[in-house]
Amino acid sequence: MYGLTPFGRNRYDLFNMFDDFDRGFFPEPPPNHCRTDIKDEGDKYVMESELPGFEKEDISLDINGSYLTVSAKHKTETEKKDDDGKYIRRERTFGSYKRSFDVSGIDTDNISAEYKNGVLILDMPKKKHEEPQTKKLEIK
């Protein structure tokens with residue numbers, strides 16, 4: 001039992017042990033994290049990014065060279081005052097997300113995007129592999 005207890009901690013400190021136990025099973029997600037799944041459907045990739053709480057107008061899709069950047073940002077302010085104009089409660093929230101993906105094998109001119117129920121869905125057709133053309137040259 002002694003070897004399982006972290007150094008610098010009283011081994012009889014049950015509150016810290018339960019706190020560590022809870023943290024191991026329910027880890028906090030990293031900041032600016034959203035779950036993104038990419039499926040290969042043969043001729044295209046389908047990317048699904050969960051962006052709950054964002055409106056369609058809050059989301060931006062930018063292609064720069066061979067990178068697609070998905071970013072989203074929103075800000076909410078709630079304010080309630082009493083009759084004298086003093087704050088009873090004032091809350092502000094801010095959320096943002098930004099992530100880039102390599103789209104070098106994607107036909108970027110034909111990407112389509114849809115946002116519904118908090119999920120951004122991108123259909124990204126693959127570039128067609130063209131066979132090199134062969135030609136016969138005449139000798140003069």
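The values are calculated or read from the model by the stated rules, or taken from the named source; none is laboratory data. Keep in mind that what you see is a predicted model, and the values were worked out from it rather than measured. Virtual Cβ from ideal backbone geometry, glycine too; neighbours counted across all protein chains shown.
Are any residues in the stretch 20-58 modelled with pLDDT of 90 or more and of a type in the set (Phe, Trp, Tyr), and if so, which ones?
45
Just the residues that are assigned to a strand (DSSP E or B), within 18 Å of the chain's Cα centre (by Cα) and loosely packed, with under 10 Cβ neighbours inside 10 Å, please, taken from the stretch 87-127.
Within the stretch 87-127, 94, 116 qualify.
From the list 58, 40, which one is of a type in the set (Asp, Glu), without any contact (Cβ under 8 Å) to a residue 60 or more places away in the chain and surrounded by 11 or more Cβ atoms within 10 Å (Cβ to Cβ)?
Values: 40 fails: surrounded by 11 or more Cβ atoms within 10 Å (Cβ to Cβ).
58 is the lone residue from the list that is of a type in the set (Asp, Glu), without any contact (Cβ under 8 Å) to a residue 60 or more places away in the chain and surrounded by 11 or more Cβ atoms within 10 Å (Cβ to Cβ).
How about the stretch 52-81: which of its residues are assigned to a strand (DSSP E or B), of a type in the set (Asp, Glu) and more than 12 Å from residue 98 (Cβ to Cβ)? Let's see the steps before the verdict.
Looking only at the stretch 52-81, we keep the residues that are assigned to a strand (DSSP E or B), and these are 59-64, 67-81.
Next cut, of a type in the set (Asp, Glu) only: 62, 77, 79.
Passing the criteria: 77, 79.
I need every pair where a residue in the stretch 125-137 that is within 19 Å of residue 44 (Cα to Cα) and without any contact (Cβ under 8 Å) to a residue 24 or more places away in the chain has its Cβ under 6 Å from the Cβ of a residue that is of a type outside the set (Lys, Arg) and part of a loop (DSSP other than H, G, I, E, B), sequence separation at least 6 or different chains.
These pairs meet every condition: 127/105; 127/107.
Just checking, which of 107, 84, 102 is among the acidic types (Asp, Glu) and in contact with a Pro (Cβ under 8 Å, 6 or more places away or on another chain)?
Values: 84 fails: in contact with a Pro (Cβ under 8 Å, 6 or more places away or on another chain); 102 fails: in contact with a Pro (Cβ under 8 Å, 6 or more places away or on another chain).
Among 107, 84, 102, only 107 is among the acidic types (Asp, Glu) and in contact with a Pro (Cβ under 8 Å, 6 or more places away or on another chain).
Take the residues of the stretch 87-133 that are among the β-branched types (Val, Ile, Thr) and at pLDDT below 85: which is nearest to residue 37 (Cα to Cα)?
First, the residues of the stretch 87-133 that are among the β-branched types (Val, Ile, Thr): 88, 93, 103, 106, 108, 111, 119, 121.
Filter once more, keeping what is at pLDDT below 85: 88, 93.
Working: 88: 43, 93: 27 Å.
Applying the filter and picking the extreme gives 93.
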